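Colleague: I have a structure I would like to understand better, so I am pasting it below and will then ask my questions one at a time.
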Amino acid sequence: MSFLVNLALGLLFGIGLVVSGMSDPAKVLNFLDVTGTWDPSLAFVMGGAVITAFVGYRLVLKRSKPLAAAAFQLPAKTEIDWPLLLGSAIFGIGWGLGGFCPGPALTATTLGAAGTYAFLPMMFVGMWLARAFASRRVAAPA
């Protein structure tokens with residue numbers, strides 16, 4: 001049952017990315033180009049996502065447990081540290097250069113967007129490097 005719920009939610013998310021234009025790198029890059037051909041429409045997409053998450057978390061976390069899992073899986077780490085800041089900066093730079101973040105890149109691949117065929121392998125290399133550095137950092141004595 002959990003697989004089917006996750007599949008349905010993933011499909012809904014992917015459709016939302018396509019409908020909103022988030023899987024079009026030109027639209028994303030125009031949103032980031034505030035001094036040139038700025039397109040503010042994605043601000044409404046992000047605003048809608050923030051409002052939905054804000055309301056959704058408050059409603060869902062009132063429950064004792066999720067509908068399709070034994071317990072909620074919330075992050076335990078709450079502090080802002082250098083790995084978080086560095087990872088956020090790398091993510092933002094990659095988003096600005098490529099016009100993709102991971103979800104829209106996967107969606108755009110199914111639409112045949114040529115830029116994803118260069119972006120996705122590099123994204124997976126970056127994810128592998130991040131995991132390798134994180135495991136080295138954890139294994140190193142403090």
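Colleague: Does the range 63-77 contain any residue that is out of contact with any His (no Cβ under 8 Å at 6 or more places or on another chain), surrounded by 14 or more Cβ atoms within 10 Å (Cβ to Cβ) and closer than 25 Å to Phe31 by Cα? Give the derivation first.
Modeller: Filtering the range 63-77 for residues out of contact with any His (no Cβ under 8 Å at 6 or more places or on another chain) gives 63-77.
Going one step further and asking which of them are surrounded by 14 or more Cβ atoms within 10 Å (Cβ to Cβ), we end up with 66.
With closer than 25 Å to Phe31 by Cα added as a condition, the list becomes none.
Within the range 63-77, none of the residues are out of contact with any His (no Cβ under 8 Å at 6 or more places or on another chain), surrounded by 14 or more Cβ atoms within 10 Å (Cβ to Cβ) and closer than 25 Å to Phe31 by Cα.
Colleague: Out of the range 27-46, which residues are of a type outside the set (Asp, Glu), over 17 Å from the mean Cα position of the chain (by Cα) and within 22 Å of Gly16 (Cα to Cα)? Quick ask: steps written out before the conclusion?
Modeller: Going residue by residue through the range 27-46, those that are of a type outside the set (Asp, Glu) are 27-32, 34-38, 40-46.
Keeping just the survivors that are over 17 Å from the mean Cα position of the chain (by Cα) gives 30, 34-38, 40-41.
Listed by number, the residues that qualify are Asn30, Trp38, Pro40, Ser41.
Colleague: If I ask for residues that are of a type in the set (Gly, Ala, Ser) and in contact (Cβ under 8 Å) with a residue 60 or more places away in the chain, which ones from the range 4-31 would you list? So that I can check it myself, show each step before the final result.
Modeller: Residues of the range 4-31 of a type in the set (Gly, Ala, Ser): 8, 10, 14, 16, 20-21, 23, 26.
If the condition is that a residue be of a type in the set (Gly, Ala, Ser) and in contact (Cβ under 8 Å) with a residue 60 or more places away in the chain, then Gly14, Ser23, Ala26 are the ones that fit.
Colleague: So, in the range 87-129, exactly how many residues are surrounded by 15 or more Cβ atoms within 10 Å (Cβ to Cβ) and either over 18 Å from the mean Cα position of the chain (by Cα) or aliphatic (A, V, I, L, M) (or both)?
Modeller: Total meeting the criteria: 6.
Colleague: Give all pairs with beta carbons closer than 8 Å in which a residue from the range 107-132 that is touching a residue at least 60 places away in the same chain (Cβ under 8 Å) meets a residue that is surrounded by 15 or more Cβ atoms within 10 Å (Cβ to Cβ) and among the charged types (D, E, K, R); count only pairs at least 6 apart in sequence or on separate chains.
Modeller: These pairs meet every condition: Ala108/Asp24; Ala113/Asp24.
Colleague: Which of the numbered conditions does Pro83 fail, given that it passes all the others? Conditions: (1) free of Cβ contacts under 8 Å to residues at least 12 places away in the same chain; (2) under 30 Å from Arg137 (Cβ atoms); (3) more than 15 Å from the chain's Cα centre (by Cα).
Modeller: (1)
Colleague: Select from the range 1-37 the residues that are at pLDDT below 90 and not in a helix (DSSP H, G or I) and list them in ascending order.
Modeller: Met1, Gly21, Met22, Ser23, Asp24, Asp33, Val34, Gly36, Thr37
The values are calculated or read from the model by the stated rules, or taken from the named source; none is laboratory data. Since the structure is predicted, the reported quantities are computational estimates derived from the model, not experimental observations. Backbone-built Cβ (ideal geometry, glycine too); neighbour counts: all protein chains shown.
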